[in-house]
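What follows is a set of notes on a single structure, which appears directly below.
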Amino acid sequence: MGKVTGFLEIDREEPRYEPASDRVRHFGEFTIPMSEGRIIDQAARCMDCGVPYCHGDTGCPVNNQIPDWNDLVYNGDWKEATRNLHSTNNFPEFTGRICPAPCEEACTLNLEDVPVAIKTVEQAIADRAIRSGWIKPQINPNKTGKSVAIVGSGPAGMAAAQQLARAGHDVHVYEREPKAGGLLRYGIPDFKMEKEHVDFRIEQMSAEGVTFHYGENIGVTRPLSDLQNRHDAVLLCGGSEHPRDVDAEGVDLEGVHYAMPFLVQANRRFGGEDISGRAQLIAASKHVVVVGGGDTASDCVGTSFRQGAIAVTQARCASPTASHGEQTDQLAKLGSQDAHLIVTGRRRNSRIRCGHYEDHWQRQGAGDRR
């Protein structure tokens with residue numbers, strides 16, 4: 001539980017960011033790690049909750065035993081905290097960076113808007129474990145003789161592959177792309193999570209006996225029936241790259257793009273993959289408008305600035321709030337203009353008008369909305 005009176009004595013603290021003027025010049029992670037003492041202080045704030053809402057249905061979806069490893073960190077037992085954390089989470093260095101942290105939303109201290117910095121402690125445990133060499137391949141010498149095919153190497157496919165390999169099965173992962181990771185590699189920018197973390201886990205899993213097959217687009221390059229014939233079981237872990245149709249006028253016009261194709265191409269470009277045969281989606285020397293206020297929108301804003309956009313305007317349907325990764329105030333310092341709601345004309349997308357959402361939709365002329 002941490003320190004009995006810790007939440008009364010210690011303020012919530014989170015990692016600071018590099019100055020905005022510096023971080024837009026590179027694609028690397030821009031959070032500044034906290035010292036060990038400050039991490040221990042944050043773990044000490046964990047309360048002796050009768051019902052720990054931070055995990056279970058109200059909080060962590062993978063049921064991390066958060067109060068347990070907060071207490072272990074507070075008492076300096078980082079190695080046992082590592083073991084405890086990995087007992088529920090295959091890749092805590094991923095979630096410690098990119099999870100939206102529902103555990104903190106559910107934290108009892110969030111009643112006062114100062115939840116325990118759970119995500120920060122989680123990342124610190126994972127990073128220390130990797131840095132200290134505590135994360136090693138876990139090879140099961142007792143093989144089952146069963147073979148399992150996994151389609152897709154995103155976070156679901158990776159976690160399933162690791163668990164099945166450790167159970168003694170012969171695991172084969174079939175991935176359409178030239179590298180493993182799925183959304184972790186191609187959807188999330190490096191300034192949120194550098195790809196060395198994905199590569200580390202792929203190496204660990206390969207040592208544990210997982211075989212990766214790249215360039216395999218199941219249903220296109222190879223029929224699903226082939227996998228069914230070759231393996232005892234097939235697990236489908238494909239992602240969902242097709243965007244929801246917003247059903248708005250102008251989305252089919254030149255220069256209007258959905259987020260995922262833009263982010264995926266940016267990650268391919270930064271990762272050194274050949275994208276010469278694709279239509280180039282790059283924000284350099286452009287005035288960019290990003291519609292939306294969630295994590296994906298903040299990824300597009302950060303990527304656009306780093307690619308050299310002239311200006312970025314972010315438009316969202318709710319009151320301005322801090323997006324995970326790139327905080328609103330920092331975006332403003334970079335020149336990002338923040339609006340509440342975007343309005344487009346009927347026949348062209350060369351100009352946008354922004355208006356505040358009040359109590360209801362208001363119509364302006366035929367087809368225009370505010």
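Only the coordinates and a few stated rules stand behind these numbers; no lab work does. Predicted model only: the values in this text are computed from it and were never measured. We place every Cβ from the backbone using ideal geometry, glycine too, and count neighbours over all the protein chains shown.
Summary of values
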item: Segment TYR214-ASP22, length gained on full extension (0.36 nm per residue, minus Cα span); result: 65.5 nm
item: Check: the stretch 6-131 dipole with +1 on Lys, Arg Cβ and -1 on Asp, Glu Cβ, in debye; result: 480
item: Per-residue Cβ neighbour rank within 10 angstrom, fewest leading, THR95, THR31, THR221; result: THR221, THR31, THR95
item: Listed values (1) 84, 45, 41; (2) 70, 61, 37; (3) 65, 42, 37, entry calculated as Cα extents along the principal axes in Å; result: (2)
item: Calculated from backbone phi, Karplus (6.51, -1.76, 1.60) coupling profile of the stretch 125-139 in Hz, x at Gly/Pro; result: 4, 5, 5, 5, 4, 5, 4, 8, x, 7, 8, 10, x, 10, 9
item: Charge context of ARG230, other residues only, Cβ under 13 angstrom, K/R +1, D/E -1; result: -2
item: The stretch 147-236: C-alpha pair distances exceeding 23 Å, %; result: 20
item: Dipole magnitude (debye, nearest 20) for the chain, charges at Cβ of Lys, Arg, Asp, Glu; result: 1140
item: Other-chain or far-sequence residues with amide H under 5 Å of VAL173's (modelled H); result: ILE150, THR211, PHE212, HIS213
item: Hits among lysines - C-alpha to C-alpha of LYS146 under 29 Å, sequence gap 8 or more where chains match; result: LYS136, LYS179
item: Spatially proximal aspartates and glutamates relative to LYS195 (Cα-Cα < 19 Å; intrachain offsets below 8 disregarded); result: GLU29, GLU93, GLU122, ASP127, GLU175, GLU177, GLU203, GLU273, ASP274, ASP295, ASP299, GLU326
item: Net length gained if the chain between ASN229 and SER285 were fully extended (0.36 nm per residue, minus Cα distance); result: 15.0 nm
item: Candidates GLU29, GLU208, GLU273, ranked by Gaussian network fluctuation over the chain, Cα under 10 Å, top entry; result: GLU273
